[in-house]
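Q: Dropping a structure here in structure tokens format, bear with me for questions.
The values are calculated or read from the model by the stated rules, or taken from the named source; none is laboratory data. Quick caveat: nothing in here was measured; it's all calculated off a predicted structure. Reconstructed Cβ throughout: ideal geometry from the backbone, glycine too, with neighbour counts over all protein chains shown. What goes into the accessible areas is simple: the full protein's heavy atoms, side chains included, and nothing from ligands, DNA or RNA. Shrake-Rupley method; radii C 1.70, N 1.55, O 1.52, S 1.80 Å.
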Amino acid sequence: MTCLAGGRPQGGVLRGPDLLGYVGIEAVLDQMRRKTMKAGFEFNIMVVGQSGLGKSTLVNTLFKSKVSRKSCSPNYEEKISKTVQLQSVSHVIEEKGVRMKLTVIDTPGFGDQINNDRCWEPVLKHVNEQYEKYLKEELRVNRQRKIPDTRVHCCIYFLPASGHWLRPIDVEFMKRLGKIVSIVPVIAKADTLTLEERTEFKQRIRQDLVANGIQVYPQKENDEDAEERLLNNTIRESIPFAVVGTDREHQVNGHRVLGRKTKWGIVEVENVAHCEFANLRDLLIRSHLEDLKQVTHDVHYETYRVQRLTAGAVHQGGPNGSDLESHL
């Protein structure tokens, strides 16, 4: 082992007591925080499920804002599309000096037809198109300092509260999409199930996911350490999240709470004894938002990038897509 002049082994880890004085390395965290707050960040979330499952309401509840496409259109009228047509809306949300550009991609028409054969293809196409757009920008000779990120960081897949097994459309969609984007399945309008029915339904779905080889977030192979594995195991045991969404407040014991009023009482959305909305929100925003973005870049996008570059030339995305970029 090679030693330095002071007798310390070269390549060892020097910690506080070993240093001759305060260096200030921890200030790097403050620098990173300031830069992030100035620049802001992007988060793109896709919601998939048939009409009437409360997708827009849940997204509004998650971000406590009117962020869904319905909320942005005062004269919006629900129409069942003959085909799946993706629609997106973006907002800048600011909280305590932190700015986030949130884009919500909705999928009206998904699962609403008598024949839903291959209805997942427009969704796959959209996800891959965003990877392609990012790849073309990366390969430019004169690329932007910060590449706009339109890649889908998370897909929330809404399951109807049937109490049965996964439907064929659920299996086919998640098998395909789970390979290219992080999927978080949820049971929509879970207050229509009793607690016993909800527990049994969640167990059946987990069995179906394993039996069909469906990958949902967070995946075990992406756990980085024992602490993260412990946290993610708890999340995996809760999937799919049984959720309820609402933008209405009610008075409960002298406090204003978000909830749904039923003839049996108030279903409190943020009360974990009533539903698992709070667990979903914590996963998407408070504990795993950055990890969702990292998995998108390091796993899903990287897989796409390698496949495209291995296959051959990639168009450099000019106005007509005529220039060809076949090298890094």
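Q: With every protein chain kept in the model, how would you rank V272, V98 by accessible area, 1.4 Å probe, largest at the top?
A: V272, V98
Q: Need the list of lysines near K220 for cross-linking: C-alpha distance under 18 angstrom, and skip anything on the same chain fewer than eight residues off.
A: Within reach: K175, K179, K293.
Q: Just subtract the alpha-carbon distance of S162 and N128 from 0.36 nm times their residue separation and send over the number in nm, one decimal.
A: 9.1 nm
Q: Taking the Cα centroid of the range 113-181 and of the range 228-301, what is the distance between the two, rounded to the nearest whole Å?
A: 22 Å
Q: Shifting gears a bit: What area, in nm² and to one decimal, does the C-alpha convex hull of the range 125-196 cast on average over all directions?
A: In nm², the orientation-averaged hull projection of the range 125-196 is 6.5.
Q: Still on this structure, I have one more. What spacing in nm lies between the two simple spin-label points modelled at V98 and V272, each 7 Å away from Cα in the Cβ direction?
A: With each label point 7 Å from Cα toward Cβ, the separation is 2.0 nm.
Q: Another question about this same structure. Calculate one ³J(HN,Hα) per residue across the range 189-203 by plugging θ = phi - 60° into the Karplus curve 6.51 cos²θ - 1.76 cosθ + 1.60, and present them in order as whole Hz with x for glycine and proline.
A: 6, 5, 6, 7, 10, 6, 4, 5, 5, 5, 4, 5, 5, 4, 5
Q: I'd like the accessible area for T234, computed on protein heavy atoms only with a 1.4 Å probe and all protein chains in place. Round to 10 Å², please.
A: 80 Å²
Q: Which three extents, in angstrom, do the Cα atoms of the range 194-323 have along their principal axes, listed largest first?
A: 64, 38, 28
Q: Between H250 and S287, with labels modelled 7 Å along Cα→Cβ, what's the label distance in nm to one decimal, could you check?
A: For the pair H250/S287, the computed spacing is 2.7 nm.
Q: Sticking with the crude label model, points 7 Å out along Cα→Cβ, report the distance from K261 to L20 in nm, one decimal please.
A: 7.2 nm
Q: With a sphere of radius 11 Å drawn around the Cβ of H153, what net charge do the other residues whose Cβ falls strictly inside it have (Lys, Arg +1; Asp, Glu -1)?
A: Once all neighbours under 11 Å are counted, the net charge is -2.
Q: Can you pull the accessible area of Y134 for me, 1.4 Å probe, Å² to the nearest 10?
A: Ignoring ligands and nucleic acids, Y134 comes out at about 30 Å².
Q: Using a simple charge model, +1 on the beta-carbon of Lys and Arg, -1 on the beta-carbon of Asp and Glu, nothing else, what dipole does the range 193-261 show about its Cα centre, in debye to the nearest 20?
A: 500 debye
Q: If you don't mind, another one. Using a 1.4 angstrom probe on the protein heavy atoms only, line up E26, E227, E270 by accessible area, largest first.
A: Correct descending sequence by accessible area is E227, E26, E270.
Q: Further question on the same structure: From largest accessible area down, sort S56, S90; use a 1.4 Å probe on the protein chains.
A: S90, S56
Q: Return the tail of the calculated pair distribution for the range 145-253, meaning the percent of Cα-Cα pairs more than 20 Å apart.
A: Roughly 48 percent, once rounded to a whole number.
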